[in-house]
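Report on one structure; see the data block that follows.
The values are calculated or read from the model by the stated rules, or taken from the named source; none is laboratory data. The structure displayed is predicted, hence computed values, not measured ones. FYI the Cβ positions are ideal-geometry reconstructions off the backbone, even for glycines, and counts take in every protein chain you see.
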Amino acid sequence: MQTTIKPALILLLCLTALTGVVYPLLVTLSAQLLFPTQANGSLLGSDEKPLGSELIGQAFSRPEYFWGRPSATSPIPYNGGASSGSNQGPINPALIDAVQARIKALRDADPSHSEAVPADLVTASASGLDPHISPAAAVYQINRVAIARHLSPDSVRELVDRYTQTRQWGVLGEPRVNVLKLNLALDQRLK
């Protein structure tokens, strides 16, 4: 038995050091050297004052900002630690009520709009944290943002066009607009 315990303990200590210390340090060091922005959360803003991550949506509700997709996380919206969908089906009364309330809020914020509200402005993504909206959802909000910021709709549309990302590698996903980046660009425009 003594001949079995000693090698087992040595192997346990070696593997613990290798997988619990050496490997995590190696991965962390590699990530910091090769992908420092991504390894540190893809934060936007300055080093002294990060304003958010380009990978996680944020709550914007003031009329001078573009609004993102609703968050499905609770009790705190856009909580990365509570990422999940709502799991409500299309005939669920709670989802129908939530969508109708969101449509009403969008219509109240810009009563002159008569077009259909893009679906991504009233439904949460699967993670509940999506930082992007469709170009159609951004275009839908141009008039409200332009009026609130005393800008021409054409200048706001120009920013939307500039911050519209194409499909990844030209084939994956759909065109999208990062809401935080667009709102930060709007704030910079006023400075």
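Quick notes on this structure:
- Every residue from the range 159-184 that is exposed (fewer than 14 other Cβ atoms within 10 Å of the Cβ) and either among the polar types (S, T, N, Q) or within 25 Å of Asp108 (Cα to Cα) (or both): Thr166, Gln168
- Test: residue in the range 133-148 that is more than 21 Å from Ile103 (Cα to Cα) and without any contact (Cβ under 8 Å) to a residue 24 or more places away in the chain: no
- Pro70 meets the stated requirement of being crowded, with 19+ Cβ neighbours inside 10 Å and under 28 Å from Leu151 (Cα atoms).
- Note on the range 80-104: residues that are part of a helix (DSSP H, G or I) and surrounded by 15 or more Cβ atoms within 10 Å (Cβ to Cβ) amount to 6.
- Residue within the range 138-160 that is under 26 Å from Ser84 (Cβ atoms) and assigned to a helix (DSSP H, G or I) present: yes
- Looking across the range 107-137 at every residue that is in a helix (DSSP H, G or I) and charged (D, E, K, R), the one that is surrounded by the most Cβ atoms within 10 Å (Cβ to Cβ) is identified as Asp120.
- Single unsatisfied condition, Gly68 versus (1) at pLDDT below 85; (2) out of contact with any Asp or Glu (no Cβ under 6 Å at 6 or more places or on another chain): (1)
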